[in-house]
Amino acid sequence: MGVFERYAPFVQDYIYRNRWENLRAIQVAAADVIFNTDENLLLTASTASGKTEAAFFPIITLFSEDPPASVGCIYVGPLKALINDQFLRLNDLCAEANIPVWHWHGDVAQSHKSKLMKHPSGILQITPESLEALLLHKHAAIPKLFGDLRFVVIDEVHSLLRGDRGGQTLCLIERLSRLAGVNPRRIGLSATIGDPEGTGEFLSLGTGRKTLIPKFEAKGSKWRLSMEHFYIKDVQAAEGKEVAQALPVLEEKTDTAPENSDPGIGYIFEHTRGKKCLVFVNSREECEAVTTTLRQYCERQREPDRFLIHHGNLSASYRETAELLMKDDSQTMTTVTTATLELGIDIGRLERAFQIDAPWTVSSFLQRMGRTGRRELPQEMWFVMREDAPEVRAMLPSTIPWKLLQGIALVQLYLEERWVEPPRLDRLPFSLLYHQTMSILASCGELSPKALADRVLRLHYFHRITQEDYKVLLRHLIQTDHIQQTEQGGLIVGLAGERVVNSFKFYGVFQENEEYTVRCEAQELGTVVMPPPVGEKLAIAGHVWTVLDVDHKRHLVYCEQVKGSVPAYFGECPGDLHTRILARMRQVLREERSYPYLMKNAVARLEQARFTAQHSGAGKDYLISLGGKMWCLLPWMGTYPFLTLERVLKIKCADRLGLKNFDSARPYYMQFTMKADADTFFRVLREELGKPMDPLELVYSKELPLFDKYDEYLPESLVKKGFALGVLDLEGLRELVRNW
């Protein structure tokens, strides 16, 4: 029997109604695994390839033949918008077979949730945070709700592998399965996975099943790609120059940006009129600023506002208005957005995506590009790279167009090698350990220390956590009243713990942007989101300051004014760049080839950068003399080894080399003054890296490196251990320096 014939009649009717002439290879492969095996499944294919239907056609066929006695399938989506979108698509499909589709997240009406509690059935679509809330508050109802659970579908699984959220999702599925006495099959869906086998193993943790990853020939897609460069002020790179390799202008200007507008934002304004577009930016703050500027341009040109905004901190009504207007093919609006519209949402006939500066990952570039190209159109993205023009006397590293190099490297890595970042699954998730400990204790009530440890440490995501480390955590939580010990020796949630657990923010494990107030003595200077560690510098209020102390409980940063300048990036890098991207950026600077998607200014700016690199030695040397005792180090390594190198130099090598005035623009370059010469620098660095070294030695004496949401509630020893052994990459650094 062929796959089409195996589908339920109502699925066959759906395919006829949509005039599909044949099934896609992904649908045939998924059906084979779901119908003919009992294994887990990972489906990796480009956006708009039909992954959702490929997974659900067989599942709802099986449900129509043998209806589950409870919720039969959980669909875990990373975003409310994605769940809302999939809810509408699935509801239409399942209505004919009377298979209920429920959705559950913070914006869903209580009446809808109450109906599910009374009649658990069909398919439940939910975010990880709402699943956490369900386990916490409906603990006793879990066996009734999920006693016949057969499948868990995790959409955009790659987006859950970048931090604690993926670990939380796996912990929740495992906890729910134990409570309900079930072992559902897991199905992962993703367009961009760099290590399918590693992801498959991650997906299978604790199930006793293998994960099958079907290989199939996907239909190639056409790309329309351009990349242009703009100085925010002053003359553009190509002005007054003959540039041979530039693309022809993709289209005539459709309108004119206001006089004296920001050239890059003006370019976006010019090329969005009469079209439905997305403009991707890399932060919420930038999203607000760009939208405001574009709307001001509309006002100055006396034309109607044609720009919408979408990011995670907006209210549900704002987000949903933007989604509905974008789905309406009669509207020609443009939405400025962060990653919130990067994933799976079908917003109809989108003509073009813009990307301001380079995203941090190849995965993100592919996801954003994949928003376009629906309805038989080619995928189309226009990169807009913006930077301040380097001053005439600027030092070498600030004259390199880092974002332009990064954008080219992301594109070339995928075009040349089909390379995408592998998931990082070897962290020490102490923050999540705290969270799951408190969640289990709050939902179960009193547990003995042994019973609590058994429930938590048996979760497969915590396989790197030792019993000794868990004892250290529990003792600390008892001392700080997050957990209280009863007279009988049992453990319950303490008063301090109740304040954390009872907050609606407890359900999520991702870090919210909490602002820190910066002060110099009694003067308030402003706010920053992530303060640098003690001893490092930050720029605020038009001056440079050294951090003297950070009070994480009261969100205060104390500092004193110093001379000098701080590069554009300080503190925690906004994104984690992989070493492969930095290595390809170096190659872009060294090679002579042109790239067909570069526009006129971008070609001229790259030529200029290559000329500078060739004559300064930046193309071939890692350490460049800037004159006198000033040096610049270009390590060309990813964020984690870069961070480790910084610390090795400051903690292990500074005295021997006479290193001072250390400044970093992570993960691009470091600047410092040094008494030693280049040969001595490399010899000392290799000697220090050749010695046995405990990564904990690379944590500064007064530093408490709080990276994850619940780190502040952990004992200092575990925070430092999690950072040193789970974030820093000493072995990766040793390998890279050996190849210098």
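The values are calculated or read from the model by the stated rules, or taken from the named source; none is laboratory data. Quick caveat: nothing in here was measured; it's all calculated off a predicted structure. Virtual Cβ from ideal backbone geometry, glycine too; neighbours counted across all protein chains shown. Side chains are part of the model used for accessible areas, which takes the heavy atoms of the whole protein and leaves out ligands, DNA and RNA. Shrake-Rupley method; radii C 1.70, N 1.55, O 1.52, S 1.80 Å.
Looking at region 268-285, which of the residues that are farther than 15 Å from Trp382 by Cβ and touching a Ser or Thr at 6+ places or on another chain (Cβ under 8 Å) is surrounded by the fewest Cβ atoms within 10 Å (Cβ to Cβ)? Once the filter is applied, the top-ranked residue is Gly274.
Does region 609-621 contain at least one residue that is touching a residue at least 40 places away in the same chain (Cβ under 8 Å), touching a helix residue (DSSP H, G or I) at 6+ places or on another chain (Cβ under 9 Å) and part of a strand (DSSP E or B)? Scanning region 609-621 turns up no residue that is touching a residue at least 40 places away in the same chain (Cβ under 8 Å), touching a helix residue (DSSP H, G or I) at 6+ places or on another chain (Cβ under 9 Å) and part of a strand (DSSP E or B). Among the residues making up region 696-731, those that are in contact with a Ser or Thr (Cβ under 8 Å, 6 or more places away or on another chain) and not aromatic (Phe, Trp, Tyr) are Leu698, Asp708, Lys709, Asp711, Leu714, Gly722, Leu728, Asp729, Leu730. Within region 145-170, the residues that satisfy the criterion of being open to solvent by less than 20 Å² (accessible area, probe 1.4 Å) and part of a helix (DSSP H, G or I) are Leu145, Phe146, Val157, His158, Leu160, Asp164, Gly166, Gly167, Gln168, Thr169, Leu170.
Every residue in region 622-644 that is open to solvent by less than 20 Å² (accessible area, probe 1.4 Å) and assigned to a strand (DSSP E or B), please.
If the condition is that a residue be open to solvent by less than 20 Å² (accessible area, probe 1.4 Å) and assigned to a strand (DSSP E or B), then Leu623, Ile624, Cys632, Leu633 are the ones that fit.
Scanning region 399-427 for residues that are in a loop (DSSP other than H, G, I, E, B) and open to solvent by less than 20 Å² (accessible area, probe 1.4 Å) turns up Ile400, Pro401, Val420. The residues on offer are Pro58, Pro100, and the sole one that is within 35 Å of the chain's Cα centre (by Cα) and closer than 23 Å to Thr199 by Cα is Pro58. Of all residues in region 684-731, those satisfying the criterion of being part of a loop (DSSP other than H, G, I, E, B), surrounded by fewer than 15 Cβ atoms within 10 Å (Cβ to Cβ) and basic (Lys, Arg) are Lys691, Lys702. Restricting attention to region 98-126, the residues being part of a loop (DSSP other than H, G, I, E, B) and open to solvent by 10 Å² or more (accessible area, probe 1.4 Å) number 10.
When Leu62 is tested against (1) open to solvent by less than 20 Å² (accessible area, probe 1.4 Å); (2) farther than 30 Å from Glu320 by Cβ; (3) modelled with pLDDT of 95 or more, exactly one condition is not met: (1).
Going through (1) at pLDDT 80 or above; (2) in a helix (DSSP H, G or I); (3) in contact with a Lys or Arg (Cβ under 9 Å, 6 or more places away or on another chain) one by one, Ala81 falls short only on (1).
Name the single residue, out of those in region 651-683 being closer than 24 Å to Ala583 by Cα and in a helix (DSSP H, G or I), that is farthest from the chain's Cα centre (by Cα). So, considering only residues that are closer than 24 Å to Ala583 by Cα and in a helix (DSSP H, G or I), the one farthest from the chain's Cα centre (by Cα) is Asp679. From the list Thr321, Thr293, the lone residue that is among the polar types (S, T, N, Q) and farther than 26 Å from Leu82 by Cβ is Thr293.
In region 35-48, the residue that is surrounded by the fewest Cβ atoms within 10 Å (Cβ to Cβ) out of those that are of a type outside the set (Ser, Thr, Tyr), touching a Ser or Thr at 6+ places or on another chain (Cβ under 9 Å) and modelled with pLDDT of 85 or more is Phe35.
Let's see how each residue does on (1) closer than 17 Å to Val76 by Cα; (2) in contact with a helix residue (DSSP H, G or I) (Cβ under 6 Å, 6 or more places away or on another chain); (3) part of a loop (DSSP other than H, G, I, E, B); (4) open to solvent by 30 Å² or more (accessible area, probe 1.4 Å):
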{"site": "Ser130", "(1), (2), (3), (4)": "yes, no, no, no"}
{"site": "Pro143", "(1), (2), (3), (4)": "no, yes, no, yes"}
{"site": "Gly206", "(1), (2), (3), (4)": "no, yes, yes, yes"}
{"site": "Phe216", "(1), (2), (3), (4)": "no, yes, yes, yes"}
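Looking only at region 485-497, residues that are without any contact (Cβ under 8 Å) to a residue 12 or more places away in the chain and either buried (at least 18 other Cβ atoms within 10 Å of the Cβ) or charged (D, E, K, R) (or both) come to 1 in all. Taking each residue of region 102-118 that is farther than 17 Å from Asn84 by Cα and looking for partners that are not small (Gly, Ala, Ser) with beta-carbon atoms closer than 9 Å, six or more apart or interchain, yields Lys115/Pro100; Lys115/Trp102; Met117/Lys138; Met117/Lys144; Met117/Leu145.
The rows are residues; the columns are (1) in contact with a Gly (Cβ under 8 Å, 6 or more places away or on another chain); (2) modelled with pLDDT under 95; (3) open to solvent by less than 10 Å² (accessible area, probe 1.4 Å); (4) farther than 30 Å from Val550 by Cβ.
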position: Met599; (1), (2), (3), (4): no, no, no, yes
position: Ala618; (1), (2), (3), (4): no, yes, yes, yes
position: Arg666; (1), (2), (3), (4): no, yes, no, no
position: Phe682; (1), (2), (3), (4): no, no, no, yes
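In region 82-97, which residue that is of a type in the set (A, V, I, L, M) and without any contact (Cβ under 8 Å) to a residue 40 or more places away in the chain is most open to solvent (accessible area, probe 1.4 Å)? This residue is Leu88.
Just one residue in the set Leu689, Leu698 is over 27 Å from His555 (Cα atoms) and among the hydrophobic types (A, V, I, L, M, F, W, C); that residue is Leu689.
Quick one: Gly348 ticks every box in (1) at pLDDT 80 or above; (2) within 20 Å of His271 (Cα to Cα) bar one, so which box is it? (1) is the only condition that Gly348 fails.
Of the candidates Ile187, Ile173, Ile193, the single residue that is within 22 Å of the chain's Cα centre (by Cα) and either in a strand (DSSP E or B) or among the charged types (D, E, K, R) (or both) is Ile187. Can you name the condition, by its number, that Ile15 falls short on among (1) in contact (Cβ under 8 Å) with a residue 12 or more places away in the chain; (2) crowded, with 17+ Cβ neighbours inside 10 Å? All conditions are met except number (1). Taken over region 78-99, the criterion of being within 24 Å of Leu176 (Cα to Cα) and in contact with a Pro (Cβ under 9 Å, 6 or more places away or on another chain) is satisfied by Pro78, Ile99. When region 580-597 is limited to residues that are among the charged types (D, E, K, R) and out of contact with any Asp or Glu (no Cβ under 9 Å at 6 or more places or on another chain), the one that is most open to solvent (accessible area, probe 1.4 Å) turns out to be Glu592.
Restricting attention to region 380-389, does a residue exist that is open to solvent by less than 30 Å² (accessible area, probe 1.4 Å), outside any strand (DSSP E or B), in contact with a Leu (Cβ under 8 Å, 6 or more places away or on another chain) and under 15 Å from Leu278 (Cβ atoms)? No, region 380-389 has no match at all.
The C-beta contact set for region 632-656 (first residue on the phi > 0 side of the Ramachandran plot, second residue crowded, with 22+ Cβ neighbours inside 10 Å, distance under 6 angstrom, 6+ apart or interchain) comprises Trp636/Leu582.
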